[in-house]
Amino acid sequence: MAGYALLVWEVLVEYTEALLLIHLDDVLLDLRRKGVVWDDEFIEMVGERTRIVRFLQEMIPIRGDNAFIALLECLKREHPTLVQAMVTSVKERDRAYGMTLRTSLNEDDRQRLLDMIGSMNNDWPQYLLLEIGNTDEERLPSLLDEIAFFFEDGR
């Protein structure tokens, strides 16, 4: 991450306003669970949105290789559009790192989908695996959303 610290900082500063508009206590708690935020830091900042954003801008770039990915994972659940915008911003500055982030963030979705497919007893999972394998990185998140909707709908 050391090579990407400035890039990560630039993206976090670029999205300051968006970060100030969301409920960050849950994000901070998730980062604490992932070991990115320490207990005393959590206690000092919880409930103080501006301090949390400033902390994220200062500490995420220097907390190690997985800190920014951990932040994006924490934001992804409730704010996927913000995460997508941040990853796109990274990708515009450094394509290789942007693709690394996108791949890391999609890995959990791929595994969840493979687990769902593995539990099924009919033939169409093979087609689905081929479709996923032939899908580019830009299309994969929407394909996974479509598939999840299909399962949630009870079909």
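The values are calculated or read from the model by the stated rules, or taken from the named source; none is laboratory data. Computed from a predicted structure; not experimentally measured. Neighbour counts run over all protein chains shown; Cβ positions are idealised from the backbone, glycine included.
Points to keep in mind about this one:
- Residue within segment 99-108 that is in a loop (DSSP other than H, G, I, E, B), closer than 30 Å to TRP9 by Cβ and modelled with pLDDT under 80 present: no
- Selection of first residues in segment 50-65 that are over 16 Å from ASP30 (Cβ atoms) and in contact (Cβ under 8 Å) with a residue 40 or more places away in the chain and of second residues that are of a type in the set (Gly, Ala, Ser) and surrounded by 15 or more Cβ atoms within 10 Å (Cβ to Cβ), restricted to Cβ pairs under 8 Å at least 6 apart or on distinct chains, gives the following pairs, ordered by first then second residue: PRO61/ALA5; PRO61/ALA67; ILE62/ALA5.
- Given (1) loosely packed, with under 15 Cβ neighbours inside 10 Å; (2) more than 29 Å from LEU144 (Cα to Cα); (3) modelled with pLDDT of 90 or more, index of the condition GLY64 fails: (3)
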